[in-house]
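Written below as C-alpha cells is the structure these notes are about.
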Amino acid sequence: MAEPTATFDDVLPEALRFRSPAPLVDIGANLTHESFGRDLEAVIQRARAAHVDTLILTGTDREHAEQAVALARQYPGLFATAGVHPHDASGWTPELARAMAALHREPEVVAVGECGLDFNRNFSTPAEQERAFEAQLGLAAESGLPVFIHERDAGRRMLEILHAWRDDLSQAVVHCFTGERDTLYGYRDLDLHIGLTGWLCDERRGHHLRELVREIPLNRLMVETDCPYLLPRNLPAKLKGRRHEPALLPWIVREIAHWRGLDEQALAEATTATAREFFRLPTDAAD
Ligand SMILES: [Zn+2]
C-alpha cells in the first residue's frame, strides 16, 4: 500500500531529526527545485519540527521566482527572493527587468536576487554576468530591497562593483560564502552580511572557513542550507537520496557555533534576529 508521496516521517532517520533550541531562519532554500516537487508539504513540516520556522525561498530566474512567490502565499513562514542567477545572465533583457521589478513589488518578495557573479563555471560570460548583476543592483536601489548575492571565484570583481554601488543599496548578503580572508574583510568593509552553509562541514574544502567564522561579526552572520545542494558531509547518519533540506539546518548551526566558540542557542538566536531585521520579516512570521 505504498503512498505515491513521502510522508512526514519516512525520509529522515531518527539521528537526523534535529531540533534547534531557538527558532531559525533558513535564508537560502531552493524549494522550487524539482527534487522537492513530490513531497514539499512534508519538507515544510519537517522544517517546522526542527524549529526552522522561517524559510526564504531563493528565486533564481523568473519562473522559479514566480513559483517561490506562489509558495510564500500558500504557506505561512515562507518568503521569496526574485532575481536572475549569474548562470542565466545571458538571458537578461529589458522585458525580464520589467518582470523582475514587478515581482519586487509583491509583498512576499523580501530581497532582490539571487544575482551576482560566478567565474567558477562561466555558464554565462563574465561580461553578461556583470551586465545582469548591475541591472539588478539598479532594481534593488530603486525598490530599496536588500540584495541576495551569489559569488563564486569572483571576489575581486564583486568587491569593485559593490564598492561603486554600496551607497545606493540598503543591505546585501553574500550567500554561501566560501571565499578567503581578504574577500571577507573586503565585504566587512562594505558592511555586507554573510550567509554560511554546510560548506564548513566538509573536511576536504571547508577548513579555511572554520577559522574565518570567528571573524564574521555576529550581527552580520546568517545561516542557510542552500538545499537541495550542499548536503553537510559530516551528518551523523546516511540520508537516502542525499537531498539536503531545511530540517537539517540545526546541524549546520551547531557546527558553526562550535567553530565560533559559541553555544548553539546563542548562535541560533543571533542569526535569527539578524535575518528578521535584514529581510524585514513581520514579527508574527514565526508560528
Ligand atoms: Zn548561490
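Each value in this text was obtained by applying a stated rule to the coordinates, not by laboratory testing. These numbers were taken from a predicted model, which means no experiment stands behind them. Cβ sites come from the backbone with ideal geometry, for glycine too, and all protein chains shown count toward neighbours.
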In region 23-46, the residues that are within 16 Å of the ligand (Cβ to nearest atom) and free of Cβ contacts under 8 Å to residues at least 40 places away in the same chain
Thr32
Can you tell me which residue in region 115-131 is surrounded by the fewest Cβ atoms within 10 Å (Cβ to Cβ), limited to those that are touching an Asp or Glu at 6+ places or on another chain (Cβ under 8 Å) and either among the aliphatic types (A, V, I, L, M) or assigned to a helix (DSSP H, G or I) (or both)?
Leu117
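Condition check ((1) surrounded by fewer than 19 Cβ atoms within 10 Å (Cβ to Cβ); (2) in contact with a strand residue (DSSP E or B) (Cβ under 9 Å, 6 or more places away or on another chain); (3) polar (S, T, N, Q)) across all residues:
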residue: Ile27; (1), (2), (3): no, yes, no
residue: Gly37; (1), (2), (3): yes, no, no
residue: Ala47; (1), (2), (3): no, yes, no
residue: Asp53; (1), (2), (3): no, yes, no
residue: Glu66; (1), (2), (3): yes, yes, no
residue: Thr81; (1), (2), (3): no, yes, yes
residue: Pro86; (1), (2), (3): no, yes, no
residue: Pro94; (1), (2), (3): yes, no, no
Checking Asp189 against (1) within 14 Å of the chain's Cα centre (by Cα); (2) surrounded by fewer than 21 Cβ atoms within 10 Å (Cβ to Cβ), the condition it does not meet:
(1)
Regarding region 79-93, can at least one residue be identified that is more than 16 Å from the ligand (Cβ to nearest atom), of a type in the set (Phe, Trp, Tyr) and closer than 24 Å to Pro23 by Cβ?
yes
Residue by residue through region 122-157, note down the ones that are closer than 24 Å to Glu224 by Cα and of a type in the set (Asp, Glu).
Glu151, Asp153
Filter region 214-250 down to residues that are surrounded by fewer than 21 Cβ atoms within 10 Å (Cβ to Cβ) and not in a loop (DSSP other than H, G, I, E, B) and give me whichever is farthest from the ligand (Cβ to nearest atom).
Lys240
Going through Arg73, Arg19 one at a time, which residue ends up being surrounded by fewer than 23 Cβ atoms within 10 Å (Cβ to Cβ) and touching a Pro at 6+ places or on another chain (Cβ under 8 Å)?
Arg19
Of all residues in region 155-212, which are touching a residue at least 60 places away in the same chain (Cβ under 8 Å), part of a loop (DSSP other than H, G, I, E, B) and within 16 Å of the ligand (Cβ to nearest atom)?
Cys176, Thr197
Is it fair to say Thr125 is more than 16 Å from the ligand (Cβ to nearest atom), hydroxyl-bearing (Ser, Thr, Tyr) and either under 30 Å from Ala70 (Cα atoms) or free of Cβ contacts under 8 Å to residues at least 60 places away in the same chain (or both)?
yes
